[in-house]
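Have a look at the structure below, then the notes.
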Amino acid sequence: MTALRWITAGESHGPEISAIVEGIPAGLPLLAEDIDADLARRQRGYGRGARMKIEQDRVRFTAGVRGGETLGGPIAMVIENRDHGNWAGRMGAEPFAEPPEALTRPRPGHADLAGGLKYDRRDLRDILERASARETAMRVAVGGVCRKLLAALDVEVFAHVVAIGSVSAALAPTTSPHELRVLARASDLACADPEAAEAMRAAIRDAAHRGDTLGGVFEVVALGVPPGLGSHVQWDRRLDGRVAQALMSIQAIKGVEVGLGFEAARRSGSGVHDPIAYDAETNLFIRPTNHAGGVEGGISNGMPVVCRAAMKPIATLKRALPSIDIRSKERFDAAFERSDVCAVPAASVVGEAMVMIVLTAALLEKLGGDSLSEVQRHLAGYREQLARF
């Protein structure tokens with residue numbers, strides 16, 4: 001069984017962030033520019049903060065790629081933190097000449113206090129630097145590698161924003177996935193409904209003026225996913241469970257749906273479960289509806305995989321919430337770190353990445369293969385098997 005493994009490292013204001021990805025087959029064409037395009041999308045979006053004006057995320061391969069192709073070994077990547085220069089003397093591996101002022105006022109809604117208690121760190125910067133969503137830049141880089149492999153296997157993944165605050169997008173049921181992707185990519189809010197996007201901008205401006213923040217909901221769609229990914233036989237092999245865990249692991253995500261999600265609980269069974277039909281032209285079983293979101297019994301069923309994630313408002317507020325100084329135990333307003341007003345469009349790019357990572361892992365488990373050509377041969381043989389079923 002071919003296994004995909006990956007890990008990230010680095011702090012928000014450290015010199016760089018990095019990742020190692022193992023399990024990508026040899027012979028996959030891969031350039032830094034392929035990944036940089038997704039990194040740039042993660043940095044854009046109405047409501048982003050000043051940090052995005054400092055950073056210009058570019059990935060650099062340090063292992064696993066030669067001459068524009070993967071070698072089959074671990075791929076190592078780094079992204080420079082340009083803002084690190086502004087933190088000289090406060091961030092670094094060497095002992096400090098003079099200890100920097102400790103951060104002792106935890107911010108509600110962040111990992112500051114819980115992490116400080118867990119790791120016994122009295123300077124909460126030791127927690128927030130790693131807990132920061134800056135880490136998601138490397139998730140997007142890992143997802144960019146997976147995107148190249150998925151494209152070679154005819155799988156496409158994209159995301160779009162469906163709600164920010166109380167404003168929801170209204171899309172015609174006849175909107176095709178291609179139209180949805182094009183419209184979302186053309187929007188600075190990744191929203192395919194222009195009227196809703198304008199109302200979302202107004203809501204973000206209003207929140208900014210109040211010193212507040214906004215969350216929202218984004219949807220990830222995966223096209224071309226063959227049936228048979230994941231499994232019903234063990235809890236941790238179920239594809240929907242793996243997708244849900246991956247999306248929930250993104251900073252500030254508090255809810256995940258697959259297909260109808262919570263709406264399914266409000267309907268009767270006849271309005272939830274997808275009838276099964278047969279397409280004689282493709283020799284494949286299909287569902288005229290896709291309420292299940294492309295997954296039944298923990299296994300992909302050949303329909304588009306559709307899932308949504310709910311992002312809470314950014315927890316760093318200019319209008320700081322009450323907190324307690326962990327040293328004096330006195331009441332203070334929480335510390336304020338430079339932050340976004342709304343980062344839902346950026347989170348949608350991270351959501352894309354996480355779903356691509358899960359699908360890549362599931363495809364490699366199903367198909368196996370040490371080279372791209374071998375994986376493609378296995379997929380072609382599997383598709384022939386499906387057509388004969």
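The values are calculated or read from the model by the stated rules, or taken from the named source; none is laboratory data. This one's a predicted model, so the numbers in the text were calculated from it and none came from an experiment. As a convention, Cβ positions derive from the backbone with ideal geometry for all residues, glycine included, and neighbour counts pool all protein chains shown. These accessible areas exclude ligands, DNA and RNA; they are computed on the full protein's heavy atoms, side chains included. Shrake-Rupley method; radii C 1.70, N 1.55, O 1.52, S 1.80 Å.
Checked against the criteria, Glu219 does not count as more than 21 Å from Ala310 (Cα to Cα), open to solvent by 10 Å² or more (accessible area, probe 1.4 Å) and touching a strand residue (DSSP E or B) at 6+ places or on another chain (Cβ under 8 Å).
Of the residues in the range 252-270, how many are closer than 24 Å to Leu150 by Cβ and out of contact with any Cys (no Cβ under 7 Å at 6 or more places or on another chain)?
If we filter the range 252-270 for residues that are closer than 24 Å to Leu150 by Cβ, which is where we start, we get 253, 256-259, 261.
Subset that is out of contact with any Cys (no Cβ under 7 Å at 6 or more places or on another chain): 253, 259, 261.
Result for the range 252-270: 3.
Selection within the range 44-55: residues that are small (Gly, Ala, Ser) and touching a Leu at 6+ places or on another chain (Cβ under 9 Å). The member of this set that is modelled with the lowest pLDDT is Gly47. Does Gly230 satisfy being within 28 Å of Gln385 (Cβ to Cβ) and open to solvent by less than 30 Å² (accessible area, probe 1.4 Å)? The answer is yes for Gly230.
Just to verify a result, which residue in the range 91-123, among those that are open to solvent by less than 40 Å² (accessible area, probe 1.4 Å) and in a loop (DSSP other than H, G, I, E, B), is farthest from Ala252 (Cα to Cα)? The residue in question is Pro100.
If you go through the range 231-253, how many residues are in contact with a helix residue (DSSP H, G or I) (Cβ under 8 Å, 6 or more places away or on another chain) and of a type in the set (Asp, Glu)? Going through the range 231-253 one residue at a time, the tally reaches 1. Suppose we keep only residues that are assigned to a loop (DSSP other than H, G, I, E, B) and within 19 Å of Val142 (Cβ to Cβ) within the range 58-80. Which one would you say is nearest to the chain's Cα centre (by Cα)? Within the range 58-80, the match that is nearest to the chain's Cα centre (by Cα) is Arg58. Filter the range 258-285 down to the residues that are open to solvent by 30 Å² or more (accessible area, probe 1.4 Å) and acidic (Asp, Glu) and list them by number. Across the range 258-285, the qualifying residues are Glu263, Asp279, Glu281.
Residue-wise test of (1) basic (Lys, Arg); (2) within 24 Å of the chain's Cα centre (by Cα); (3) assigned to a loop (DSSP other than H, G, I, E, B).
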site: Glu179; (1), (2), (3): no, yes, no
site: Cys191; (1), (2), (3): no, yes, yes
site: Ala207; (1), (2), (3): no, no, no
site: Pro226; (1), (2), (3): no, yes, yes
site: Val233; (1), (2), (3): no, no, yes
site: Asp236; (1), (2), (3): no, yes, no
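Screening the range 1-19 for residues that are modelled with pLDDT of 95 or more and farther than 27 Å from Arg90 by Cβ and picking the one that is least open to solvent (accessible area, probe 1.4 Å) gives Leu4. The condition (being modelled with pLDDT under 90, open to solvent by less than 20 Å² (accessible area, probe 1.4 Å) and in a helix (DSSP H, G or I)) is satisfied by just one residue among Asp38, Asp83: Asp83. Of all the criteria given as (1) open to solvent by 10 Å² or more (accessible area, probe 1.4 Å); (2) under 30 Å from Arg205 (Cα atoms), the one not satisfied by Gln385 is (2). Residues in the range 146-156: is at least one touching a residue at least 24 places away in the same chain (Cβ under 8 Å), closer than 18 Å to Pro313 by Cα and buried (at least 21 other Cβ atoms within 10 Å of the Cβ)? Checking the range 146-156: not a single residue is touching a residue at least 24 places away in the same chain (Cβ under 8 Å), closer than 18 Å to Pro313 by Cα and buried (at least 21 other Cβ atoms within 10 Å of the Cβ).
In the set Val344, Val375, which member is modelled with pLDDT of 95 or more, surrounded by 17 or more Cβ atoms within 10 Å (Cβ to Cβ) and within 19 Å of the chain's Cα centre (by Cα)? Break it down stepwise before answering.
Details: Val375 fails: within 19 Å of the chain's Cα centre (by Cα).
Being modelled with pLDDT of 95 or more, surrounded by 17 or more Cβ atoms within 10 Å (Cβ to Cβ) and within 19 Å of the chain's Cα centre (by Cα) holds for just one of Val344, Val375, which is Val344.
Restricting attention to the range 242-257, the residues being open to solvent by 40 Å² or more (accessible area, probe 1.4 Å) and in contact (Cβ under 8 Å) with a residue 12 or more places away in the chain number 6.
If Arg58 satisfies every condition in (1) modelled with pLDDT under 90; (2) in contact with a helix residue (DSSP H, G or I) (Cβ under 6 Å, 6 or more places away or on another chain); (3) open to solvent by 60 Å² or more (accessible area, probe 1.4 Å) but one, which is the exception? Of the numbered conditions (1) modelled with pLDDT under 90; (2) in contact with a helix residue (DSSP H, G or I) (Cβ under 6 Å, 6 or more places away or on another chain); (3) open to solvent by 60 Å² or more (accessible area, probe 1.4 Å), the odd one out for Arg58 is (1).
Scanning the range 286-309 for residues that are open to solvent by less than 40 Å² (accessible area, probe 1.4 Å) and within 30 Å of Ser132 (Cβ to Cβ), we see that the one that is nearest to the chain's Cα centre (by Cα) is Ala309.
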